[in-house]
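A.B. asks: Dropping the structure in here first, questions after.
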Amino acid sequence: MLRWTGFALSGVTLLVANEGSSPLSDFVKHRFVQQVSSGLKDYRVCEAFSRDDEKKAFFKKSFDVDVFAGAQNFESREIFVEEGAGKDLRRVHLGILTLRYSNAAAAAGIHGSLSKQGGFFKGTEVLTRFVPIHVDQALLVVYSESVQNEHVKSFMEAIEAQVKDEQFSSP
Amino acid sequence: MRSIKMTVGGTPIGKSVTWAYPNGQALGLFEIPTYKLTVNGTDAQRRTVTQDFEVFRFGVLCRDGRTASVVGLAKLQTYTIMAWLPNYRVHSARSMENGGWQVHGDFLIHDGPDGPNDEVFASIGCIEIMGPNGFVVFNDLLISLSGPSSASRDEQLVEIGRAKNMTITYQQAKYPPLKKKSR
């Protein structure tokens, strides 16, 4: 299904096609928006899209292990929940990287390596917390630059269990 | 193009949080003072314009994962801005707040934290422009005070860098103490 997502960039709204987002990343996005928007009266949910080669280069330098080795495909999403404008703009960030491998063991192997990294991207100036989540042949990396936001802290603590509790017939 | 003078103050005006870049994630957060960056220039109508920004000037360095130290440029010094670096990336997502101005070697001016309660930026001596969309506002100001002829914003920033019409003076400052953020 082809969805259109608005992305506000310096007052200009661009329409960018986002084709075939996975049920896993949709679930994570939904939970994130639910958590961080609680208490907000008027908020926007935006997604920023980057070229695949840009994202691959970024993730290759952010992890100790090459998460793309053996991956059949990947999906990368950058989500912002925003409120206000100008000097009063508040923006909370979430990134979701979904990788799909040929078998569950390959996904588990990468998950094991990522779990040893200490929970933060390397080489980024913005402290970026991440949680790797293994679901069958898929591996999710859920990450955020909004590491001091209390809602994000709670979300990052809970998201792995929430994903595991959910039944994904085709992650 | 018109010239622009920037001055980084030597007296703290506030405080923020940082972490020990690049390997000190496990050391937790540190308090770091913030400073005033004043931009002076003239607009297209030849009116004098002065605007202040809150910035990081010092940061915390940790190479070995265990020991941290305060770093940055403390002496009085002036540089001509060398170039706009369009591919310098601060954020994981595409953002108008990516990119940076090359001051001297690896010392840059680039985006900083939006506010005290969300992001934690590291610095090892770069000037980091704070506030929501702070780096966009900063670059918009540089464009309006320079008067570049290029059509697109990206090209205007490159043109401004090539013109080498911008200077930055760091007023003398004391190195702040290394201070862990209290919980």
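A.B. asks: Of the conditions (1) touching a Phe, Trp or Tyr at 6+ places or on another chain (Cβ under 8 Å); (2) among the hydroxyl-bearing types (Ser, Thr, Tyr); (3) modelled with pLDDT of 95 or more, B:SER144 clears all except one; give me its number.
C.D. replies: With respect to (1) touching a Phe, Trp or Tyr at 6+ places or on another chain (Cβ under 8 Å); (2) among the hydroxyl-bearing types (Ser, Thr, Tyr); (3) modelled with pLDDT of 95 or more, B:SER144 is out only on (1).
A.B. asks: For segment B:100-135, how many residues meet the condition of being farther than 21 Å from A:ASN149 by Cβ and under 13 Å from the mean Cα position of the chain (by Cα)?
C.D. replies: Residues that pass the stated criteria total 14.
A.B. asks: Any chance segment B:149-156 includes a residue that's touching a strand residue (DSSP E or B) at 6+ places or on another chain (Cβ under 8 Å) and on the phi < 0 side of the Ramachandran plot? Don't jump to the end; show me each part of the working.
C.D. replies: Here is the first cut: in segment B:149-156, the residues touching a strand residue (DSSP E or B) at 6+ places or on another chain (Cβ under 8 Å) are none.
No, segment B:149-156 has no match at all.
A.B. asks: Which residue, of A:PHE68, A:PHE130, is farther than 20 Å from A:MET156 by Cβ and at pLDDT 95 or above? Explain how you work it out, then say what you get.
C.D. replies: Values: A:PHE130 fails: farther than 20 Å from A:MET156 by Cβ.
None of the other options fit; the residue is A:PHE68.
A.B. asks: Another question, if that's okay. Kindly provide the set of residues from segment A:92-129 that are within 14 Å of another protein chain (Cβ to nearest Cβ), crowded, with 21+ Cβ neighbours inside 10 Å and part of a strand (DSSP E or B), ordered by number.
C.D. replies: Within segment A:92-129, the subset within 14 Å of another protein chain (Cβ to nearest Cβ) is A:92-97, A:116-129.
Subset that is crowded, with 21+ Cβ neighbours inside 10 Å: A:92-97, A:121, A:124-128.
Of everything in segment A:92-129, those that are within 14 Å of another protein chain (Cβ to nearest Cβ), crowded, with 21+ Cβ neighbours inside 10 Å and part of a strand (DSSP E or B) turn out to be A:VAL92, A:HIS93, A:LEU94, A:GLY95, A:ILE96, A:LEU97, A:VAL126.
A.B. asks: For segment B:54-99: of the residues being closer than 15 Å to B:LEU178 by Cα and among the basic types (Lys, Arg), which is surrounded by the most Cβ atoms within 10 Å (Cβ to Cβ)?
C.D. replies: So, considering only residues that are closer than 15 Å to B:LEU178 by Cα and among the basic types (Lys, Arg), the one surrounded by the most Cβ atoms within 10 Å (Cβ to Cβ) is B:ARG57.
A.B. asks: May I pose another question? Taking the criterion of being within 14 Å of chain B (Cβ to nearest Cβ) and either at pLDDT below 95 or within 24 Å of B:VAL136 (Cβ to Cβ) (or both), would at least one residue in segment A:24-36 satisfy it?
C.D. replies: Yes, the conditions are met somewhere in segment A:24-36.
A.B. asks: Anything in segment A:58-85 that is more than 12 Å from chain B (Cβ to nearest Cβ) and part of a strand (DSSP E or B)? List them, or say none.
C.D. replies: A:ALA71, A:GLN72, A:ASN73, A:PHE74, A:GLU75
This table checks each residue for (1) within 12 Å of chain A (Cβ to nearest Cβ); (2) touching a strand residue (DSSP E or B) at 6+ places or on another chain (Cβ under 8 Å); (3) among the β-branched types (Val, Ile, Thr).
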| site | (1), (2), (3) |
| --- | --- |
| B:GLY9 | no, yes, no |
| B:PRO22 | yes, yes, no |
| B:ALA26 | yes, no, no |
| B:ILE32 | no, yes, yes |
| B:ARG46 | no, no, no |
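Residues checked against (1) of a type in the set (Gly, Ala, Ser); (2) within 23 Å of B:GLU159 (Cα to Cα):
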site	(1), (2)
B:ILE4	no, yes
B:THR7	no, yes
B:ALA20	yes, no
B:LEU27	no, no
B:PHE30	no, no
B:ALA44	yes, yes
B:ASP64	no, no
B:ALA74	yes, no
B:THR80	no, yes
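A.B. asks: Pairs, please: C-beta under 6 Å, at least 6 apart or cross-chain, first residue modelled with pLDDT of 95 or more and in segment B:47-58, second among the basic types (Lys, Arg)?
C.D. replies: Cβ pairs passing all conditions: B:ASP52/B:LYS36.
A.B. asks: How about segment B:132-155: which of its residues are touching a Pro at 6+ places or on another chain (Cβ under 9 Å) and surrounded by fewer than 20 Cβ atoms within 10 Å (Cβ to Cβ)?
C.D. replies: B:ASP154, B:GLU155
A.B. asks: Related question: Residue check, A:VAL152 against (1) farther than 22 Å from B:GLY115 by Cβ; (2) among the aliphatic types (A, V, I, L, M); (3) not in a strand (DSSP E or B), all met but one. Which one?
C.D. replies: (1) is the only condition that A:VAL152 fails.
The values are calculated or read from the model by the stated rules, or taken from the named source; none is laboratory data. None of these values were measured; they are calculated from a predicted model. FYI the Cβ positions are ideal-geometry reconstructions off the backbone, even for glycines, and counts take in every protein chain you see.
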